[in-house]
Amino acid sequence: MRFVFVFITVFLLLSSIPSLMADESEKSVAEPGTGSEDDAAVHIVYVERPEGEPEAFHIRTLASVVGSEDAAKEALIYHYTHAASGFSAKLTPRQVSELSQKPGVLQVVPSRTVELHSGHAATAYRLDVV
C-alpha cells in the first residue's frame, strides 16, 4: 500500500510541476515555420535515460526541433532526472510531432494540472496528513 501511495504522489508531483512553472514563465518559443506562440503549450517529454549529462541531451534533442540551442534553453521549463527521465517545454503542435519522431524520445504528452478531491477515503487512509 505504501508503494502505491508513493507512486501516486510522485506521479502527481511530476504532472503538476511543469504547469505551475509555466504559469510563472512567459518564455517565447516561436521560431519561423514552427507555428505561433499562441499555439504553444507545455508538454512533458519522456526520453530514454541518456549516458552522460541529461540536461545537455535534453537541450540537444529540443534544439533539433526548435532551431537552436538558445531557443531550446528558452523553451525548456524543467529537467526530470530522478524518478523519470525527460523534460518539460513549451511546444507548438508541429514541434510536438517532430519531437515524437526523434531517437530516444519515448513519449510527448501535454502537461496537465490534477486537483485532488479529499473526502472520506483521504482521511481513512491518512492521506490528509501528507
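Any chance you could get the radius of gyration and Dmax over the Cα atoms of region 60-108, in Å?
10.2, 29
When the chain is fully extended, how far beyond the present Cα-Cα distance does Val109 get from Ala83, taking 0.36 nm per residue of separation?
Working it through step by step, the gained length comes to 7.7 nm.
Bear in mind these aren't lab numbers, they're just calculated from the coordinates by the rules spelled out. Owing to the predicted nature of the structure, the values given are computational and were not obtained by experimental measurement.
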